[in-house]
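Below is one structure; the comments refer to it alone.
FYI, it's all coordinate maths here, none of it is from the lab. As the structure is a computational prediction, the values presented were derived from the model and not from experiment. Virtual Cβ from ideal backbone geometry, glycine too; neighbours counted across all protein chains shown.
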There are 2 protein chains.
Amino acid sequence: MLRTIYLVEDDLDIASLVQFNLEKNGFEVRVFSGVAGVLPAAEKSQPDLFILDIMLPDGDGLDLSRDIRGSPGLVAIPIIFLTAKAEEMDRVLGLELGADDYVTKPFSPRELVARVKAVLRRLDQPALEALVSAGDLTIDPGAVKVMLRGQEIDLSATEYRLLEYLARRPGRAFSRDQLLQAVWQETRFVTPRSVDVYVRRIREKIEADPENPCYIVTVRGAGYRFEAPQ
Amino acid sequence: MLRTIYLVEDDLDIASLVQFNLEKNGFEVRVFSGVAGVLPAAEKSQPDLFILDIMLPDGDGLDLSRDIRGSPGLVAIPIIFLTAKAEEMDRVLGLELGADDYVTKPFSPRELVARVKAVLRRLDQPALEALVSAGDLTIDPGAVKVMLRGQEIDLSATEYRLLEYLARRPGRAFSRDQLLQAVWQETRFVTPRSVDVYVRRIREKIEADPENPCYIVTVRGAGYRFEAPQ
DNA sequence: CAATTATGTTACAGCAATGTTACAACCCGG
DNA sequence: CCGGGTTGTAACATTGCTGTAACATAATTG
């Protein structure tokens, strides 16, 4: 999907540099050299992201962002600020206008592109990032991290995916084949028995007593089920 | 259904920005600028979700969450934390306060709204497969689990399949051959008398008095029938 | 009431499902 | 190209399920 970015920047050197780099990365860029005209255009064409310089000849990027946040159709569109000085950055933070990120000049075009992608990626995946908790266990899908009583647990990629899949669907039993289908993408060359081995490995890491598991319980004849203990 | 969210945040700019965005998405928002008064109000009106800033003028959001988790009426209500720094996030996870998610400042209103929705959606996701109930007995086909007066009953795979088959068709009698056909796939090598044995085993596990069964009753000359007692 | 038939009950041998361990192939970063 | 970690499988161990037979008991019949 083609993403459109509104870049509001009066310095033409910077503007064309940024524009070039963003377009090279597959974004459509529309450049404004001042506050004027941004809001009406945005309300019409609904960009995917704003990059706002703070100091502009005909106004203030912060005021513009306030207008954006005040417009019902634009309130949710992410904003990245460009600031020349640290003090300005403090103002951005202080105002808590829902800035999604900020970059201080001088900046590298690559860094800015990376941040643009990060912000858009983050907004694409919000539902997947909510914490999953059960008993002493907390899974942070955003960080791809598992905590047990405050201690980080080291899991391999497959172990993590299997645990997350089960923990997101607590109380439901899944057959080995279902798990292979969901957690492994290629089910053809993988034995259902591999699931047993991975369940064992996870139990070793998260269960107080791996012989009497309370998180991933065996459902004889059916498969495995994740349970929130107690 | 109108969902009520308690927002505890001392920065009025942030609070009103969040309030505006949540209300725009159909939530009712009640704003508190500090810890004081939150708990009594919550115990009265039972909000659907808390959003807690961690640093507050008159206390600590973490302490407040501890109180929420300690109150019987509020223990299950989800909490999303607002944190200024990543280190604070680790504290949230480390303390095992049952956080459902966290958002670090600066955040975009859209992201926060998305996370609120994700948390609420996750909570009212019921088992996809409907429960089968009869008397003190509840069968959860999704979990492949049988509960008797709230206690989980341990059944073997065949015992479970037979009980589920009968319980889904209460009041109807089935011959041993019919049951073999339905519950066992291979009827050729199995004696009809095996059904008797399995009925006995199930009775031992679910009947108060296995000699006077009230769930699986014998229909002399015909087979067995499941009944909802009382 | 005895004979007959249907169902209940128990114990057990065989075996299928799962647990467990070790290992070879593989991948990936240094 | 080397070393550490990951991955999937095989092989063995173990658990407890499974179905049957044999006997016990209850219901039905004449």
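Would you mind classifying segment B:3-123 by shape? Square roots of the alpha carbon gyration tensor eigenvalues, ordered a ≥ b ≥ c; an a/c under 1.5 is rounded, otherwise it is prolate if a/b is larger than b/c and oblate if not. List each step's numbers first, then the result.
Numbers: a/c = 1.22, a/b = 1.06, b/c = 1.15.
In terms of gyration-tensor shape, rounded.
Within a straight-line Cα-Cα reach of under 27 Å, B:K145 can be paired with the following lysines, leaving aside sequence neighbours fewer than 8 residues apart in one chain: A:K205, B:K205. For A:S71, inter-copy separations between label points set 7 Å beyond Cα along the Cβ vector come to 4.1 nm, shortest first. By the rule of a C-alpha distance below 23 Å, with chain neighbours fewer than 8 residues away ignored, the lysines paired with A:K44 are B:K24. In nanometres and ascending order, the distances from the A:G59 label point to those of the other copies are 4.3 (point 7 Å from Cα along Cα→Cβ). Shape of segment A:115-230 from the C-alpha gyration tensor: oblate (a/c of 1.5 or more and a/b not above b/c, with a ≥ b ≥ c the square roots of its eigenvalues).
Annotation: the antiparallel percentage among DSSP beta bridges lying fully within the protein assembly as shown is about 50.
The GluC sites (Glu not before Pro) of segment B:121-230 that DSSP puts in a loop, and whose beta carbon has at most 15 other beta carbons within 10 Å, are B:E129, B:E186, B:E211.
With n ≥ 4 as the cut-off for DSSP H runs, can you work out [θ] at 222 nm for chain A, using -39500 (n - 2.57) per run divided by the number of residues, rounded to the nearest 500? Write out the running numbers ahead of the final one.
Values: 8 runs with 90 residues, N = 230.
Rounded to the nearest 500, the figure is -12000 deg cm²/dmol.
Counting only other chain Cβ atoms within 10 Å of each residue's Cβ, the peptide B:102-108 averages 6.
Peptide A:141-151 is shielded by partner chain Cβ atoms: per residue, an average of 2 of them sit within 10 Å of its Cβ. For the pair A:T218 and A:T158, a Förster radius of 22 Å applied to the C-beta separation gives a FRET efficiency near 0.70, rounded to the nearest 0.05.
What order do you get for B:138-146, A:11-19, A:175-183 when each peptide is scored by the mean count of other beta carbon atoms within 10 Å, highest first?
Working: B:138-146: 20.3, A:11-19: 15.7, A:175-183: 17.2.
In descending order of packing, they fall as B:138-146, A:175-183, A:11-19.
Shown for B:V190: label points 7 Å from Cα along the beta-carbon vector, and their distances to the equivalent points in the other copies, 3.1 nm in ascending order.
Near the amide H of B:L155, within less than 5 Å, lie no amide hydrogens of residues on another chain or at least 5 residues away, with H placed in the peptide plane.
Taking the C-alpha atoms only, the angle from helix A:61-70 to the longest principal axis of chain A is near 60 degrees. The overall shape of the protein assembly as shown, judged from the alpha-carbon gyration tensor, is prolate: a/c is not under 1.5, and a/b is greater than b/c. Determine, from the Cβ-Cβ distance of B:N25 and A:K44 and an R0 of 30 Å, the FRET efficiency 1/(1 + (r/R0)^6), rounded to the nearest 0.05. Once rounded, the FRET efficiency stands at 0.85.
What the phi angles of segment A:214-230 give under the Karplus curve with 6.51, -1.76 and 1.60, with θ = phi - 60°, is a coupling list of 10, 8, 9, 9, 7, 10, 4, x, 10, x, 10, 9, 8, 10, 7, x, 6 Hz, glycine and proline written as x.
Taking amide H atoms as placed 1.01 Å from N in the peptide plane, the amide H of A:V219 lies under 5 Å from those of A:Y224, A:R225, each 5 or more residues away in sequence or on another chain. Rounded to the nearest Hz, the phi-derived 3J(HN,Hα) couplings of segment B:29-36 under the Karplus curve 6.51 cos²θ - 1.76 cosθ + 1.60 (θ = phi - 60°) are 10, 10, 9, 10, 8, x, 5, 4, where x marks glycine and proline. Averaged over the residues of A:218-226, the number of partner chain Cβ atoms lying within 10 Å of the residue Cβ comes to 3.
Measuring nothing but how far apart in sequence close Cα pairs (under 8 Å, 6+ apart) lie, relative to its length, chain B scores a relative contact order of 12 percent.
Taking every DSSP beta bridge that has both ends in chain B, the antiparallel portion is near 50%. Label sites at A:K145 and A:K105, each approximated as a point 7 angstrom past Cα along Cα to Cβ, lie 3.5 nm apart.
Taking only Cα atoms, what is the 0 to 90° angle, nearest 10, from helix B:157-167's long axis to the longest principal axis of chain B? Roughly 90 degrees, rounded to the nearest 10. A Förster radius of 45 Å combined with the Cβ-Cβ distance from B:D177 to A:A182 puts the calculated FRET efficiency at roughly 0.75. Assuming charge only on the beta carbon of Lys and Arg (+1) and of Asp and Glu (-1), the dipole of chain A about its Cα centre is about 1340 debye to the nearest 20.
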